[in-house]
Amino acid sequence: MGAQLRVYRQKIRSAQTTKKITRAMELISASRITKAQQRVAASGPYSRAITRAVSAVATFSNVDHILTTEKETINRAAIVIFASDRGLAGAFSSNVLKESEQLATLLRSQGKEVVYYLIGRKAVAYFAFRQRAAEQNWTGGTDQPVFDTAKEIGDALVAKFVQDDSEGGVDEIHIVYNRFVNMVTQTPEVVRLLPLEVVEGVEEPGEHEVLPLYEFEPEVGDVLDGLLPVYIESRIFNAMLQSAASEHAARQRAMKSASDNADKLIKDYTRLSNNARQSEITQQISEIVGGADALSSATK
Amino acid sequence: MASSPLNVTVVAADHEVWSGEATMVVARTTEGEIGILPGHEPMLAILASGEVRVTQQGGGKVTANAEDGFLSVENDTVTIVARNAELVK
């Protein structure tokens, strides 16, 4: 077998093995998207109920709460980045990282100091490579988020927000995550988490409806104290679930195009190797014919 | 008002635990036990961890364990929201 032919066969085999891996990853992601989507849907009632309650408290009482009041001077802002743990998901992680870089530039131009909170190994690696410090990071389980992690992140953020400026507290918290639009589109989204702006879910009362005047138990302030951290947790949990669903979708798409590419490579190399084999045979025939010719002319 | 039943929903962080119609809901708030009947005034209360008992229309009872949550009542709609909630069999 000629050297050329051997090289092509090697390349074909390598593309075939790669294709097996990418095809398997594609199938795994495809089966997990449905599950991730179901989890997003299942967490819907909880976040809707909380949003409704928070907006009710915020609308029907004029209590100033530390989590809702905007500070006069904002010196430090935090950015929470939701990336993935594993790569091979196309532009999934780089999209959020790019978006957060833009946000950081904007915040810095407003004279704010930026601190980072990272979720997912890819974000941590991005920062480690650039030797940038992050305030805190969480890794593992970005593809199947659990509520306990959301609670941990929420607690850390609220604690930092309540802390005084001079002790290293932050005045503003933004989150950057991939929102799952559909199987083919996931858009990076920037949301200001704190101070809270409860806009969504505030339902305008119908004309005949009377605004419910809530009674609070124990006190309005206490209810807010209890509700707002829960609201923040649920927002974070929602971002994590959206991000997980987007990650699977992005990975499925990336792996599909990788498998398609492998197919194309295999086809191309098969053509080339057929060509090489054919020209090898042709060459051998002409060598034999030439040799026989030379022999017969020598014996004459 | 008393004839129309309560619409009760019990939701946990990651799923809806139970929903249906009921005649009475008994829950424990941080201030003490509270019973809710149809026609109750709108209310928001912080729950103490403990049982929430729902009496269904036929007289059947559903009990759920709720931890870290709150309860809202509005127009005969009762929502019990808890980080961790599960039905007790």
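Summary of computed values
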quantity	calculated
Three semi-axes of the equivalent ellipsoid, the protein assembly as shown, Cα gyration tensor, whole Å, largest first	61, 27, 15
Antiparallel bridge percentage (DSSP; both residues within chain B; nearest 5)	90 percent
Ranking of A:Ile285, A:Ile236, A:Ile74 by count of other Cβ atoms within 10 Å, fewest first	A:Ile285, A:Ile74, A:Ile236
Mean Kyte hydropathy of -0.5 or more with a Cα span along the axis of at least 20 Å, helices from DSSP in chain A	A:44-60, A:92-109, A:147-162, A:220-299
Neighbour-count ranking [beta-carbon atoms within 10 angstrom, fewest first] of A:His174, A:His65	A:His65, A:His174
Nearest-20 debye value, region A:260-300 charge dipole, Cβ charges on Lys, Arg, Asp, Glu	80 debye
Cβ-based exposure ranking for A:Met255, B:Met24, in which fewest neighbours within 10 Å come first	B:Met24, A:Met255
Debye, to nearest 20: dipole size of region B:6-88, +1 on Lys, Arg Cβ, -1 on Asp, Glu Cβ	180 debye
Sum of -39500 (n - 2.57) over DSSP H runs of 4+, divided by residues of the protein assembly as shown (222 nm, nearest 500)	-16500 deg cm²/dmol
Difference of contour (0.36 nm per residue) and Cα-Cα distance, A:Thr299 to A:Gln163	38.5 nm
Alpha-carbon centroids, region A:231-300 and region A:40-89: separation in whole Å	48 Å
Whether region A:1-125 is rounded, prolate or oblate, judged on the alpha carbon gyration tensor where a/c under 1.5 counts as rounded	oblate
DSSP beta bridges in the protein assembly as shown [antiparallel fraction, %, rounded to 5]	65 percent
Whole-Å distance, taken between Cα centres, linking region A:117-185 and region B:12-89	33 Å
Kirkwood Rh, Cα atoms: Rg over Rh of region B:6-88	0.91
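None of the figures in this text is laboratory data; all of them are computed from the coordinates on show. Please read all numbers here as calculations on a predicted model, not as lab measurements. Glycine also receives a Cβ, built like all others from the backbone with ideal geometry; neighbour counts cover every protein chain displayed.
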